[in-house]
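A.B. asks: Supplied in structure tokens, the structure appears directly below.
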Amino acid sequence: MRRRLSRDGVRVVDVLRRGMVLASAVLLTACDLSGGFKGMAVDPPREMPSFAFLRANGSSFSTAPEPGRPMVLFFGYTHCPDVCPTTLADWKRVRATLGDDAKSVRFVFVTVDPDRDTPAVAERYAQMYDASFEGVSGDALTTSRMLDAYGVAAAREPGTNATGYLVSHSPQVFLVDSHGKLVALYPLGTGWDALAADLERLL
Amino acid sequence: MTLPALPSRRLPLAIAMGAAISCTTASAPPVERFVVRSSWARIADSGATSGAYLEIVNNDSVSRSLVGVATDDAAAAEVHETMQHEAMAHMMPRTDLPIAAGAVLTMEPGGVHVMLVDVRRALAVGDSVRLRLRFSDSTDVPVTVPVKTP
């Protein structure tokens with residue numbers, strides 16, 4: 001049975017219930033009947049709020065839409081040995097498939113574990129896979145609001161002395177178009193070629 | 001098919017050759033009880049988390065379990081399985097993974113994996129990590145796992 005641990009700072013646990021509801025809503029409204037997406041199309045596309053982060057070097061990063069630049073988002077944590085690195089490795093393949101067009105895509109890894117993942121750690125983790133990947137860690141409020149907005153659930157789980165706590169989290173990838181609208185989701189297990197195909201369509 | 005008759009003086013030689021072949025067959029190395037293949041590990045910074053994936057063949061005539069992994073290349077190695085529940089991905093510890101007689105345990109992304117906690121040094125493509133697999137019959141199997149392109 002999963003234990004939900006309380007924590008200071010980001011109220012990940014509190015986000016869980018709301019996240020589940022939102023995730024369900026997004027998934028229920030997502031279908032593959034419109035838009036021709038290989039992923040699960042969100043119909044109608046959902047306008048997403050923007051979030052700002054500080055990088056380790058003090059510069060800012062925002063998820064606000066940029067003309068001609070779709071954004072790929074994933075929420076994970078750097079102590080994650082399986083799902084998160086698999087996702088980033090898939091992005092690397094997507095990027096290679098897109099060739100020069102990949103420069104227009106913003107690949108963004110957002111940590112759900114800002115207590116351990118500082119901005120420097122999150123950034124380094126993402127860039128270990130590709131120098132163009134953005135890895136960000138927000139303050140408690142930003143993280144909580146962003147998880148809410150995307151319907152991402154996250155909860156601490158007890159680990160061992162060696163691992164410290166683990167974090168269970170929604171594993172899907174989000175595709176936001178250059179107008180800031182969420183257009184498709186990619187559940188865990190979706191082939192990376194689906195995301196590549198959908199990005200080619202948007203670019 | 002009929003073999004030509006051997007001259008009697010060649011008979012001892014033929015017997016000796018036959019014996020040699022028999023001996024070669026008899027001294028062939030026994031099949032390893034556990035065979036590990038297609039193993040690979042993920043890149044990681046020093047002190048960070050990595051993951052390793054292996055295929056383990058149980059050549060024994062009875063079911064055996066993978067009961068643990070040890071390593072000197074990380075603070076700890078734990079076998080986990082990624083499970084999806086309530087729309088979230090969870091990591092479930094696996095301290096007893098049965099492998100049926102003659103079957104293969106296949107670790108792969110999104111499933112069973114070895115979590116390497118706090119790796120002692122940065123792992124880049126071309127490096128390797130050394131693991132010791134512990135099975136339920138108390139067999140320890142050392143394996144060197146190459147770090148591969150993620």
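A.B. asks: At 0.36 nm per residue, and after removing the present C-alpha to C-alpha distance, how many nm does the segment from residue A:160 to residue A:93 gain when stretched out fully?
C.D. replies: 20.8 nm
A.B. asks: Which one, A:57, A:42, A:76, projects farthest toward the positive side of the charge dipole computed for the range A:36-117 from Cβ point charges (K/R +1, D/E -1)?
C.D. replies: The one lying farthest along the dipole's positive direction is A:57.
A.B. asks: Further question on the same structure: Sort B:81, A:134, A:123, A:66 so that the residue with the fewest other Cβ atoms within 10 Å of its own Cβ comes first and the one with the most comes last.
C.D. replies: A:66, B:81, A:134, A:123
A.B. asks: Sorted from largest down, give the three principal axis spans of the alpha carbons of the range A:118-189, whole angstrom values.
C.D. replies: Its Cα atoms span 45, 30, 27 Å along the three principal axes.
A.B. asks: Obtain the nm distance between the two label points defined at residue A:130 and residue B:92 by a simple spin-label model: each point lies 7 Å from its Cα along the Cα-to-C-beta direction.
C.D. replies: It works out to 3.3 nm between the two label points.
A.B. asks: Starting from the 7 Å offset along Cα-to-Cβ, what nm value, one decimal, do you get for the label separation of residue A:66 and residue A:43?
C.D. replies: 3.1 nm
A.B. asks: Given charges of +1 on the Cβ of Lys and Arg and -1 on the Cβ of Asp and Glu, with all other atoms neutral, how large is the dipole of the range B:34-146 about its Cα centre, in debye to the nearest 20?
C.D. replies: 200 debye
A.B. asks: Now for a different question. Given Cβ point charges of +1 (Lys, Arg) and -1 (Asp, Glu) and nothing else, what value in debye, to the nearest 20, does the dipole of the range A:72-203 about its Cα centre take?
C.D. replies: The dipole of the range A:72-203 has a size of about 40 debye.
A.B. asks: So, one more: Test of understanding: ordering B:65, A:144, A:59 by Cβ neighbours within 10 Å, fewest first, what list do you get?
C.D. replies: Fewest-to-most Cβ neighbours within 10 Å comes out as A:59, B:65, A:144.
A.B. asks: Same structure again: Putting +1 on Lys and Arg Cβ atoms and -1 on Asp and Glu Cβ atoms, find which of B:144, B:114, B:62 reaches farthest to the positive end of the dipole of the range B:34-146.
C.D. replies: Farthest towards the positive pole: B:144.
A.B. asks: For residue B:55 paired with residue B:32, estimate the spin-label separation in nm (one decimal), with each label point 7 Å from Cα along the Cα-to-Cβ line.
C.D. replies: Modelled inter-label distance: 1.4 nm.
A.B. asks: In addition: Using the alpha carbon gyration tensor of the range B:34-146, what are the three equivalent-ellipsoid semi-axes (square root of 5 times each eigenvalue), largest first, in whole Å?
C.D. replies: 22, 18, 12
A.B. asks: If you don't mind, another one. I'd like the FRET efficiency for residue A:52 and residue A:100, computed as 1/(1 + (r/R0)^6) with the beta carbon distance as r and R0 of 25 Å, rounded to 0.05.
C.D. replies: 0.30
A.B. asks: Neighbouring Cβ atoms within 10 Å as the yardstick, rank B:42, B:134, B:37 fewest first.
C.D. replies: B:37, B:134, B:42
Every read-out reported here was derived from the displayed coordinates using simple, explicitly stated rules and does not represent laboratory data. Please read these numbers as outputs of a predicted model, since none were measured by experiment. When we count neighbours, we look across all protein chains shown, and the Cβ atoms used for this are built from the backbone with ideal geometry, even at glycine.
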